[in-house]
Amino acid sequence: MTKGYKYRIYPNSAQIEYMNSIFDSCRFVYNHFLAERKEVWEKQKRSMSYTDTSRLLTILKKDPGYVWLSSCDSMALQESLKDLDRAYKSFFAKRGRYPHFKSKRDHRRSYRTRNVNNCIRIEDKRLILPKVGRVKIKLSRGFKGRILNATVSKTATGKYYVSLCVEEELIPKPNAGGIIAIDVGISEFYSDSNGYKLENPVPLRKHEKKLSREQRRLSRKVKGSKNYEKQRIKVAKVHEKIYSVRTDFLHKESTKLVSDNQVIGIETLNVKGMIRNHHLAKSIQDASWNRFLEMLKYKSLEYGCSIEPMPRFYASSQVCSYCGYKNIKVKDLSVRSWVCPVCGISHDRDVNAAVNILNKTMMLISTSW
Ligand SMILES: [Zn+2]
């Protein structure tokens, strides 16, 4: 299995300068070949492949006007051509929008490079990166396995990180053997089939208030001025804080679910479709539901837990989990609780949905075993 490990790194000033030049070169290559692919399509109605662009890059590097590209980590340039190709593929598969040019003004930068002949490795508590050399790293947790690639990134506040993609042997971790179903919450993060409601992390609210205050201040500064830049970093710092509080929360809760349970039933709602609905947008983004699902999926492998998604159009909220009556009035999201007109049981909207998901999960797994 492959697993990601993220560490803070502390490049020295020469390394920072060199990393910045790689960020620039990668952005240049991406934009240059995006323009090229666009033009070929418009003039010749032909689409270029990754191999086409890779061949052209080799030629471009020999051009006296572009020799500076040769001093760059060549693997990183290839990876950015792959990213471009991936962006095109997802556009053609209707999964994403048309690739857009990368802006110079984006304060978050990154590049990815591949591990060939062990050129990326940890040695004497230092990270060895191709062409960059030995970089100081804070190894917060160790790993055992082969590094496949490394993504070097710089945040909007100027911190540097590396994400290592590592191929590891799967070592099973203990599982408590429970069975549970969870339903995406609107006011809470989720409700489960035991009637438990997981609240969104409280500190987030405080930071969010701070964020809107700092953003308001930023809007009053003159763009490009020194004060604007100072304020921009303040805003970015609050953003980073919010992201890290959320990430900690998601990690803690996803690990708990996959280690406590052998089976987890989950509603497969169309998160994109829900975000288009204005009322839900904030809470869904708050909850970072998609990231949570991703964590559950990869952690479930280690804990021998099986994630069971619901059939796409299963109306989990509208069915009475006790008698099976379908109450279409509950379709309205503002209905938070209801009493079944047939059996008279009173329901909390989300807990009832979670119980239905659990019943459906039991049915699905019993027929598949
Ligand atoms: Zn009922």
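Structure shown: which of Lys3/Lys136; Lys38/Lys104; Lys131/Lys173; Lys62/Lys94 lie over 28 Å apart, alpha-carbon to alpha-carbon?
Checking Cα-Cα distances, Lys131/Lys173; Lys62/Lys94 exceed 28 Å.
To the nearest 20 Debye, how big is the dipole of the chain about its Cα centre, given +1 on the beta carbon of each Lys and Arg and -1 on that of each Asp and Glu?
Magnitude of the dipole: close to 1860 debye.
How much length, in nm to one decimal, is gained on full extension between Ser334 and Ser47, taken as 0.36 nm per residue of separation minus their Cα-Cα distance?
Extra length available between Ser334 and Ser47 comes to 98.5 nm.
Sticking to Cα atoms, compute the Rg of the range 174-369 to one decimal and its Dmax as the biggest Cα-Cα distance, whole number, in Å.
Here Rg and the maximum Cα pair distance are 19.9, 67 Å.
Out of Ser346, Pro201, Val330, whose Cα points farthest toward the positive end of the dipole of the chain (charges: +1 Lys, Arg; -1 Asp, Glu; placed on Cβ)?
The residue sitting farthest along the positive end of the dipole is Pro201.
So, R0 is 45 Å and r is the distance between the beta-carbons of Glu294 and Val67; what FRET efficiency does that work out to, to 0.05?
According to the calculation, E is roughly 0.65.
If the range 2-167 were replaced by its equivalent ellipsoid, with semi-axes equal to the square roots of 5 times the Cα gyration tensor eigenvalues, what would those be, largest first, whole Å? Let's see the in-between values first.
Details: eigenvalues 174, 63, 46 Å².
Largest first, the range 2-167 gives 29, 18, 15 Å.
Alpha carbons only, please: Rg and Dmax for the range 172-256, in angstrom.
18.7, 58
As a check on your grasp of the helix formula, calculate [θ] at 222 nm for the chain: sum -39500 (n - 2.57) over DSSP H runs of n ≥ 4, divide by the residue count, round to the nearest 500.
Details: 9 runs with 166 residues, N = 369.
Helices in the chain give a 222 nm mean residue ellipticity of -15500 deg cm²/dmol.
Given +1 on the Cβ of Lys and Arg, -1 on the Cβ of Asp and Glu, and no further charges, what dipole in debye does the range 1-110 carry about its Cα centre, rounded to the nearest 20? It would help to have the intermediate numbers written out before the result.
Numbers: 23 positive and 12 negative charges, 124 e Å.
Dipole about the Cα centre, nearest 20: 600 debye.
Which three lengths, in whole Å and largest first, does the range 6-100 cover when its Cα atoms are put on their principal axes?
47, 36, 18
How tilted is helix 278-287 with respect to the longest principal axis of the chain? Cα atoms for both, answer in degrees (0 to 90, nearest 10).
Approximately 70 degrees, to the nearest 10.
List the GluC sites (Glu not before Pro) within the range 138-203 that fall in a DSSP loop (any state other than H, G, I, E or B) and whose Cβ has at most 13 other Cβ atoms within 10 Å.
Within the range 138-203, the qualifying GluC sites (Glu not before Pro) (loop, at most 13 other Cβ atoms within 10 Å) are Glu169, Glu199.
Along the positive direction of the dipole of the chain (beta-carbon charges: Lys, Arg +1; Asp, Glu -1; about the Cα centre), which of Ser191, Thr2, Tyr228 reaches farthest?
Checked the options; the winner is Tyr228.
Take the Cβ-Cβ distance between Cys119 and Ala35 as r, set R0 to 41 Å, and report the resulting FRET efficiency rounded to the nearest 0.05.
0.85
Over all distinct alpha-carbon pairs, what is the Kirkwood Rh of the range 87-231 in angstrom?
Across the range 87-231, the inverse of the average 1/r is 20.8 Å.
Put one equal scatterer on each alpha carbon of the chain, apply the Debye formula with no solvent term, and list log10 I(q)/I(0) at q = 0.11 1/Å to two decimals.
Each listed q corresponds, in turn, to -1.00.
Go ahead and run the numbers for FRET between Ser13 and Ser219, Cβ-Cβ distance against an R0 of 51 Å, rounding to 0.05.
0.95
Rounding to the nearest 10 and keeping the result within 0 to 90°, find how far the Cα-based axis of helix 349-368 lies from the longest principal axis of the chain.
The angle comes out at about 80 degrees.
For the range 102-175, what does the equivalent ellipsoid look like in terms of its semi-axes, each the square root of 5 times an eigenvalue of the Cα gyration tensor, given largest first in whole Å? Write out the running numbers ahead of the final one.
Details: eigenvalues 123, 52, 33 Å².
For the range 102-175, the semi-axes come out at 25, 16, 13 Å.
Arrange the following residues from fewest to most other Cβ atoms within 10 Å of their Cβ: Asp106, Asp85.
If I rank by nearby Cβ atoms, fewest first, I get Asp106, Asp85.
Counting other Cβ atoms within 10 Å, keep those with at most 12, restrict to DSSP loop, and tell me which trypsin sites (Lys or Arg not before Pro) in the range 1-66 are left.
Passing both the DSSP loop test and the Cβ count: Lys45, Arg46.
Values quoted throughout were computed directly from the atomic coordinates according to the rules given, and no laboratory measurement underlies them. Note that the structure is a prediction, hence the values are computed from the model and not measured. Counting neighbours? That spans all protein chains shown, and the Cβs are built from the backbone with ideal geometry, glycine included.
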